[in-house]
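One structure is given here, and the rest of the page talks about it.
The values are calculated or read from the model by the stated rules, or taken from the named source; none is laboratory data. Treat the numbers as computed from the prediction; the structure is a model and nothing was measured. Glycine gets a Cβ as well: all are built from the backbone with ideal geometry, and neighbour counts include every protein chain shown. Just so you know, the surface numbers come from the protein's heavy atoms only, side chains and all, with ligands and any DNA or RNA stripped out. Shrake-Rupley method; radii C 1.70, N 1.55, O 1.52, S 1.80 Å.
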Amino acid sequence: MTSFAQTCAIHTAQREAACERVARLIESSGIELVRFGWCDAHGMLRGKTLAARAAVRALRDGVGMVGTLMLKDTADRTAWKVFEPGGAAELPGFAGAANLLLLPDPDSFTTLPWLERTGWLRCQPWFADGTPVPLDTRRLLQAALARLGEKGYGLKTGLEVEFHIYRITDARPQLDPERAAWPGLPPAVEMIHPGYNLQSEAMVDLADEPLRIVQRTAQALGLPLQSLEIELGPSQVEAVFDATDALTAADQMVLFRNGVRQALRRAGFHATFMCRPPFPNIMSSGWHLHQSLAELKTGRNACVREAPATGTSRTDATHTLSDAGAHWLAGLLAHARGMTVLCTPTINGFARFRPNALAPQAVLWGQDNRGAMLRVVGAAGDGATRIENRVGEPAANPYLYMAAQIHAGLDGLARADLPPPASESPYATDHQQLPTSLGEGLDALRADEALCQSLGQDFVRYFCRIKQSEIDRHAQAEDKTDFERREYFART
């Protein structure tokens, strides 16, 4: 009998061997439950939990899920009227909340360190006829990397993620059935450190308990954690990871956010990757994406040049970057406004773009300048030379964030443009500004023909409709702070 994985034409002998290996591991380790997780448009994990025996069958046959899970906005409301005639006409296969199937990658199997006898598998959605769902954001990154591979390159990325951790003082606001709402309230919290003492050893000691949970969880999941640091803001921390290929890094970001939130919650803490938690005197959290081109044949960093180009100074891109690296930088600048909403996809995140806040405000680059949108790090002959994009927020969908870099960079390579000189005044008002709101960001994406063509017009329409739902509800909310508390602080 043909399995669903065979119908999808992905079940090779290698995959069958991996399925058999996972089945033996589940049986020998006493695994009772396996979570089948996939990443939605917002970068959040959803999925189903199967008993061990059913999980083994699902390795080859998949597990069904309601298709509307792909159509949810940040309040978990379906942005299309799927039960009305023509209500989902622009999304073939989704009318009537039709079923999709989640098919797992057996090589992704891991045991969850905060739970007993529970495994986890990364999945992607498929239509029942065995065709891939094109709106799957992980598939979009895979397609972008395939395009990049045709040019002989891969993308190497390093994660540098800021977020906030709070101690829960009262879970009743969130769990009291008399106060249930859609979306609901977060728990009541207090800070784990008072802030405003960057990388203070005393603050690290004060926050040691939750930081140890983050460390142990990340390492037990096999994530390449490099450091945990105290950031400037109250209760704000930062995690830094070793660089790896872009798809692996995106998978790691999804697993990290999901894992630390759950592990910390079990220990009485609330972790949020919301950019600006709804309290006075906080500091915004960013997600700084370090990136470099890698030659597929050699693994060499293709952004490195051996010596500065003749006649250049530090303000010239080719003083530090190879020609390919400079063209990539030019592409990131050319499509900066269009990609912003893929890197900062929430109403809350756009409030981070303000002067002198270690966050970008304008479309420019700088040599090791943390006020610039794009920070070039390194020097001629330095194998670690790279570009750091500082526009992202930690709640971003990592697959979309990284796919945006690739499509913008590829356009730069194709045009062979060089960027303007580096800026030493990143907050001057004479530069082209980044979008200042989610709505303006969506408009900039729609206006970027190259990005729309690369991502696909169907996906752009889909993404914009989901985000417009968020904008519309925010406009109708009488209390904007309460909106963000429920929409982002309780969930992201």
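Filtered by the rule that a residue be open to solvent by less than 30 Å² (accessible area, probe 1.4 Å) and outside any helix (DSSP H, G or I), segment 44-71 gives Leu50, Gly62, Val63, Gly64, Met65. Remark: pairs (first residue in segment 257-269, charged (D, E, K, R); second residue open to solvent by less than 50 Å² (accessible area, probe 1.4 Å); Cβ separation under 6 Å; 6+ apart in sequence or on different chains) = Arg257/Phe273; Arg261/Ala271; Arg266/Trp114.
For (1) outside any strand (DSSP E or B); (2) in contact with a helix residue (DSSP H, G or I) (Cβ under 9 Å, 6 or more places away or on another chain); (3) open to solvent by less than 30 Å² (accessible area, probe 1.4 Å); (4) of a type outside the set (Lys, Arg), each residue gets a yes or a no:
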position: Thr2; (1), (2), (3), (4): yes, no, no, yes
position: Ala23; (1), (2), (3), (4): yes, yes, yes, yes
position: Val82; (1), (2), (3), (4): yes, yes, yes, yes
position: Gly87; (1), (2), (3), (4): yes, yes, yes, yes
position: Gly93; (1), (2), (3), (4): yes, yes, no, yes
position: Gly96; (1), (2), (3), (4): yes, yes, no, yes
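All of (1) within 21 Å of the chain's Cα centre (by Cα); (2) open to solvent by less than 20 Å² (accessible area, probe 1.4 Å) hold for Gln124 with one exception: (2).
Say we look at segment 109-121 and pick out the residues that are of a type in the set (S, T, N, Q) and touching a Phe, Trp or Tyr at 6+ places or on another chain (Cβ under 8 Å); which of these is surrounded by the fewest Cβ atoms within 10 Å (Cβ to Cβ)? Among those that are of a type in the set (S, T, N, Q) and touching a Phe, Trp or Tyr at 6+ places or on another chain (Cβ under 8 Å), it is Thr110. Please determine whether any residue of segment 6-14 is among the hydroxyl-bearing types (Ser, Thr, Tyr), surrounded by fewer than 20 Cβ atoms within 10 Å (Cβ to Cβ), under 20 Å from Asn99 (Cα atoms) and under 27 Å from the mean Cα position of the chain (by Cα). Looking for residues that are among the hydroxyl-bearing types (Ser, Thr, Tyr), surrounded by fewer than 20 Cβ atoms within 10 Å (Cβ to Cβ), under 20 Å from Asn99 (Cα atoms) and under 27 Å from the mean Cα position of the chain (by Cα), one finds none in segment 6-14, hence no.
Selection within segment 286-341: residues that are among the hydrophobic types (A, V, I, L, M, F, W, C), open to solvent by less than 40 Å² (accessible area, probe 1.4 Å) and in a loop (DSSP other than H, G, I, E, B). The member of this set that is farthest from Ser437 (Cα to Cα) is Ala309.
Among the residues that make up segment 425-436, is at least one of them assigned to a helix (DSSP H, G or I) and surrounded by fewer than 19 Cβ atoms within 10 Å (Cβ to Cβ)? No, there is no match, as no residue in segment 425-436 is assigned to a helix (DSSP H, G or I) and surrounded by fewer than 19 Cβ atoms within 10 Å (Cβ to Cβ).
Can you name every residue in segment 358-376 that is open to solvent by 20 Å² or more (accessible area, probe 1.4 Å) and more than 22 Å from the chain's Cα centre (by Cα)? Across segment 358-376, the qualifying residues are Gln367, Asp368, Asn369.
The residues in segment 273-285 that are free of Cβ contacts under 8 Å to residues at least 12 places away in the same chain and surrounded by 23 or more Cβ atoms within 10 Å (Cβ to Cβ) can be counted, and the count is 0. Among the residues of segment 32-43, the one identified as of a type in the set (A, V, I, L, M, F, W, C) and surrounded by fewer than 21 Cβ atoms within 10 Å (Cβ to Cβ) is Leu33.
Conditions tested, residue by residue: (1) more than 26 Å from Thr248 (Cα to Cα); (2) among the small types (Gly, Ala, Ser); (3) open to solvent by 20 Å² or more (accessible area, probe 1.4 Å); (4) touching a residue at least 12 places away in the same chain (Cβ under 8 Å).
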| residue | (1), (2), (3), (4) |
| --- | --- |
| Tyr399 | no, no, no, yes |
| Ile406 | no, no, no, yes |
| Leu410 | no, no, no, yes |
| Arg415 | yes, no, yes, yes |
| Leu418 | yes, no, yes, yes |
| Pro421 | yes, no, yes, yes |
| Gln453 | no, no, yes, no |
| Arg465 | yes, no, yes, yes |
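Taken together, the residues in segment 342-374 that are in a loop (DSSP other than H, G, I, E, B), more than 26 Å from Pro280 (Cβ to Cβ) and among the hydrophobic types (A, V, I, L, M, F, W, C) amount to 4. If the condition is being in contact with a helix residue (DSSP H, G or I) (Cβ under 9 Å, 6 or more places away or on another chain) and not aliphatic (A, V, I, L, M), then segment 280-298 contributes Ser284, Ser285, Gly286, Trp287, Gln291, Ser292.
So that you can scan it fast, the table gives a plain yes or no per residue for (1) modelled with pLDDT under 95; (2) of a type in the set (Lys, Arg):
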position: Lys81; (1), (2): yes, yes
position: Glu84; (1), (2): yes, no
position: Ser108; (1), (2): no, no
position: Arg117; (1), (2): no, yes
